[in-house]
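To start, the structure under review is shown below, and the notes come after it.
The values are calculated or read from the model by the stated rules, or taken from the named source; none is laboratory data. Since the model is a prediction, treat every value here as computed from it, not as a measurement. Positions of Cβ are generated from backbone atoms using ideal geometry, with glycine treated the same way; all protein chains shown enter the neighbour counts. For accessibility, only protein heavy atoms count, side chains too; no ligands or nucleic acids. Shrake-Rupley method; radii C 1.70, N 1.55, O 1.52, S 1.80 Å.
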Amino acid sequence: MRAAVVRAFGGPEVVEVLDAEMPEPAAGQVRIKVTAAALNPIDAAIRSGAFGGDDQLGLGWDVAGTVEATGDDAGVWNTGDQVVALDYSMAKPLGTHAEYVVVDAESVAKAPTTVDAVAAATLPLNALTAAQALDVLELSSGQSLLVTGAAGALGGFAVQLATHRGIAVTGLARKSDEGLVRSLGATGFTTDGAGAYDAVLDAAVLGEAALAWVRDTGAYVGVIPGAEPASVREVRTAAVLVRPDGARLAEMARLVDEGVLTLRVAETFALDDAAKAHARLAEGGLRGRLVLVP
Ligand SMILES: NC(=O)c1ccc[n+]([C@@H]2O[C@H](COP(=O)([O-])OP(=O)(O)OC[C@H]3O[C@@H](n4cnc5c(N)ncnc54)[C@H](OP(=O)(O)O)[C@@H]3O)[C@@H](O)[C@H]2O)c1
């Protein structure tokens, strides 16, 4: 089967699509025939060597596809099920940017039924991260939240999930994204943050600048573990590191079908053009995810 990997760190040109052995599901795992797999900033970071790693690193964390084989004890999953999954790992020889991927059954959820697989492939990583970041903040209905990077994949889901819970959301984004951010449910919009919010979810990785916009004794959650600023003014600071969670992902898929979460695809690329997709991501300015289709 074909798979996108890196065997040397560098720019988009180091991404190779090669023939790999068909991965076999062990106990507690399923093999998914990939229909679509989103390209995320984490793939660019792994490609460039930000996390180091071994001889061959597989790319791709998000997947939408069809269960095609199951190991023993693979839970509720059967051949033919339409699913989405998060394939979490900084260092794996093969990822979701491939024709087939093996993942833990507990990372899998039924795909949303109201969108196609290309759109569904943009859900797992960023919706789970947004939900888990909101968990860290422990906000109640009526409290205020500033989401930085609100026009991005993670920030956009955070705006929608928080709004759905009755939290008063202000989105920080580029001026040209105001309409988009408000359409996601943000009642406030800012390009510079200034304010005193109960909490900040810092998807744009602004760090101390974003911490300054939290009221005394509020909460800050970052998205790069270890890079969150130190606490000041008794503001609780933490960072989220996404965890695979099939049950939570199923909840996210239901929210897609209920229209609470919307999925944004910028462009699709053939798997064989994975390097071109990385180059497009590196150009910046995207609104919506790039999705690879084997
Ligand atoms: N810890 C985890 O488990 C985890 C999981 C998922 C993602 N992440 C991280 O979360 C971050 C966001 O991911 P993503 O996929 O949502 O990225 P994304 O789609 O590129 O979104 C980032 C958004 O922030 C905007 N932005 C950046 N700096 C800004 C500024 N100074 N003012 C206004 N807007 C600004 C960007 O606008 P421009 O495009 O115009 O710059 C973009 O709209 C990445 O660093 C990613 O690696 C972490």
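Between GLY259, GLY207, GLY193, GLY188, which is over 19 Å from the mean Cα position of the chain (by Cα) and closer than 22 Å to HIS164 by Cβ?
GLY188
Closer than 18 Å to ARG289 by Cα and within 14 Å of the ligand (Cβ to nearest atom): does that describe VAL159?
The answer is yes for VAL159.
Looking only at segment 222-232, decide whether some residue is surrounded by 22 or more Cβ atoms within 10 Å (Cβ to Cβ) and in contact with a Lys or Arg (Cβ under 7 Å, 6 or more places away or on another chain).
Looking for residues that are surrounded by 22 or more Cβ atoms within 10 Å (Cβ to Cβ) and in contact with a Lys or Arg (Cβ under 7 Å, 6 or more places away or on another chain), one finds none in segment 222-232, hence no.
What are the residues in segment 251-263 that are within 16 Å of the ligand (Cβ to nearest atom) and surrounded by fewer than 17 Cβ atoms within 10 Å (Cβ to Cβ), if any?
Within segment 251-263, just THR262 meets the criteria.
Name the pairs whose Cβ atoms lie under 7 Å apart, with the first residue in segment 271-294 and open to solvent by 50 Å² or more (accessible area, probe 1.4 Å), the second of a type outside the set (D, E, K, R) and within 13 Å of the ligand (Cβ to nearest atom), and 6 or more positions between them or separate chains?
The qualifying pairs are ARG280/LEU290; ALA282/ALA44; ARG287/ALA151; ARG287/LEU180; ARG287/ALA266.
Kindly list the number of the only condition in (1) under 30 Å from GLY218 (Cβ atoms); (2) in contact with a helix residue (DSSP H, G or I) (Cβ under 9 Å, 6 or more places away or on another chain); (3) surrounded by fewer than 19 Cβ atoms within 10 Å (Cβ to Cβ) that fails for PRO124.
(3)
Quickly run through segment 216-241 and pick out the residues that are of a type in the set (Val, Ile, Thr) and near the ligand (Cβ under 10 Å from one of its atoms).
VAL221, VAL223, ILE224, VAL240
Which residue out of ARG289, ARG248 is within 16 Å of the ligand (Cβ to nearest atom), among the basic types (Lys, Arg) and not assigned by TED's automatic domain parsing to the domain that holds GLY60?
ARG248
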